[in-house]
There are 2 protein chains.
Amino acid sequence: MSTDPRVSRSRARIIEVTLDLLATRGVAGTSVDSIAERSGVAKTTIYRHWSTKGEVILAAIDTCIDTPAAPDLGSLRADLRALIGGLCEALAHSRWAALLPSLLDAALRDPEFAEVHQRFAATRTEPVRRALERGIERGELPADTDPGELVDLLSGAVFYRRLLAGESVDRAYGERIVERVLRAYGSH
Amino acid sequence: MSTDPRVSRSRARIIEVTLDLLATRGVAGTSVDSIAERSGVAKTTIYRHWSTKGEVILAAIDTCIDTPAAPDLGSLRADLRALIGGLCEALAHSRWAALLPSLLDAALRDPEFAEVHQRFAATRTEPVRRALERGIERGELPADTDPGELVDLLSGAVFYRRLLAGESVDRAYGERIVERVLRAYGSH
DNA sequence: TCCCTTCACTACGATACCGTAGCGTAGCGA
DNA sequence: TCGCTACGCTACGGTATCGTAGTGAAGGGA
């Protein structure tokens, strides 16, 4: 009952090429024909595995979700430096970052894409939220701190710089942002 | 040498409908045929005014650029509250906000769209930068303050909340962010 | 009034794309 | 070895889209 190696090979090639095309041409610019051509997998085979273009693309994007390493390092500062620094690196190098603008756009008009984006965002935000709550419990942050606002400030700066301003971000930048934001909450 | 009223009428209708379509269907989903159909202006007429679909869309987007009111209110806090509050309102209600994700995506692959987005971003950030420089001169901010970092934090939080998290932003939220960020720079 | 511009309309040609059908082949597992 | 499954290939039908051509009507300015 194990999977036919031909199946997994086809699927892998299709997903791989689809991700490449998504990164360079975006969701709207990625066609099934181009996936077939670039992957060497016949178009009919693609439709044997997924019944619709949208499903292929969603399946490909789904493979990009990477849970950020979220260790409990014992202090809010250390946790945030690790998390936001990691976010910067992901935004600079990961596949997800390359197709994020396209995903964002698609999510506006298609609930299925919206759901995938939602899942991405949650995966990224959740560890930050947990670190913040630990910080509140430890007294590193005021008890009435709004975690959402902090997430907006931390993640926002990084995303803004990368997506809106079009500049690069690295771990050092992320750590600078963490230091600055912590100061706004009285953490020294 | 004044313009034929028929010309300006056609142009206005085309731009108007194009903006509507861009907001609902995005850049990729907006076709010349649909613009013609919805506007009542013949497709041939559209091509009399612009030689390419891309030019029509760029012309439409161009009309969305609105320079934010940038008064010198005498204090950094007042200036930022006005500017970031205005940004929140623009993100919540303006046409530009509705087509921003699509523009962002298009800018990744087309230098013409990138240039338009660049102009948008500059129009928005420039007044903030100037307010920050005035704040540094007045001593409301440390002399070695990096204005870019502040812009990232202020605008970033707002954009992140609206575009990435998909929640709404209003003037009150913007002002909260301003207060929080100012605290990080020792302004009380 | 009269001429010139702009317009709407229909009809194209060309291309790209989606999703399907049929057929013969090659690889997998028993 | 042998049957079954997945595959590649070619060829469709249907639709959407871009951009162009030609014609006749309507609106604007002198």
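Here are some notes:
- Selection of segment B:33-43 for residues being in contact with a helix residue (DSSP H, G or I) (Cβ under 8 Å, 6 or more places away or on another chain) and within 11 Å of DNA strand C (Cβ to nearest atom) yields B:Asp33, B:Ala36, B:Ser39, B:Gly40, B:Val41, B:Ala42, B:Lys43.
- Checking B:Leu150, B:Leu108, B:Leu104 one by one, the residue that is in a helix (DSSP H, G or I) and more than 8 Å from chain A (Cβ to nearest Cβ) is B:Leu150 and no other.
- Residue identified as part of a helix (DSSP H, G or I) and in contact with an Asp or Glu (Cβ under 9 Å, 6 or more places away or on another chain) among A:Ile14, A:Ile84: A:Ile84
- If only residues of segment B:44-60 that are without any contact (Cβ under 8 Å) to a residue 24 or more places away in the chain and within 6 Å of DNA strand C (Cβ to nearest atom) are counted, the one that is surrounded by the most Cβ atoms within 10 Å (Cβ to Cβ) is B:Arg48.
- Some residue of segment B:42-56 being among the charged types (D, E, K, R) and more than 29 Å from A:Val27 (Cα to Cα): yes
- Residue among A:Arg134, A:Arg183, A:Arg77 that alone is assigned to a helix (DSSP H, G or I), facing another protein chain (nearest Cβ under 8 Å) and more than 28 Å from B:Leu104 (Cα to Cα): A:Arg183
- Members of segment B:129-188 that are closer than 17 Å to B:Leu87 by Cβ and of a type in the set (Lys, Arg): B:Arg129, B:Arg130, B:Arg161, B:Arg162, B:Arg171, B:Arg176, B:Arg180
- Failed criterion for B:Thr30 (all others in (1) near DNA strand C (Cβ under 8 Å from one of its atoms); (2) among the hydroxyl-bearing types (Ser, Thr, Tyr); (3) in contact (Cβ under 8 Å) with a residue 12 or more places away in the chain hold): (1)
- Selection within segment A:153-171 - away from every other protein chain (no Cβ under 13 Å) and in a loop (DSSP other than H, G, I, E, B): A:Asp170
- Whichever residue in segment A:1-18 is open to solvent by 50 Å² or more (accessible area, probe 1.4 Å) and more than 9 Å from DNA strand C (Cβ to nearest atom) and, among such residues, is farthest from A:Ala98 (Cα to Cα): A:Ser8
- Residues that are crowded, with 19+ Cβ neighbours inside 10 Å, within 11 Å of DNA strand D (Cβ to nearest atom) and in a helix (DSSP H, G or I) within segment B:19-39 comprise B:Leu21, B:Ile35, listed in sequence order.
- The criterion of being closer than 30 Å to A:Gly29 by Cα, open to solvent by 20 Å² or more (accessible area, probe 1.4 Å) and more than 9 Å from chain A (Cβ to nearest Cβ) does not hold for B:Pro142.
- Residues of segment A:111-123 that turn out to be open to solvent by 20 Å² or more (accessible area, probe 1.4 Å) and either more than 9 Å from chain B (Cβ to nearest Cβ) or under 20 Å from A:Thr24 (Cα atoms) (or both), as a count: 6
- Subset tally (residues that are assigned to a helix (DSSP H, G or I) and among the polar types (S, T, N, Q)) for segment A:40-64: 2
The values are calculated or read from the model by the stated rules, or taken from the named source; none is laboratory data. For clarity, every value in this text was computed on a predicted model and none was experimentally measured. Glycine gets a Cβ as well: all are built from the backbone with ideal geometry, and neighbour counts include every protein chain shown. Note: areas computed on protein heavy atoms with side chains; ligands, DNA, RNA excluded. Shrake-Rupley method; radii C 1.70, N 1.55, O 1.52, S 1.80 Å.
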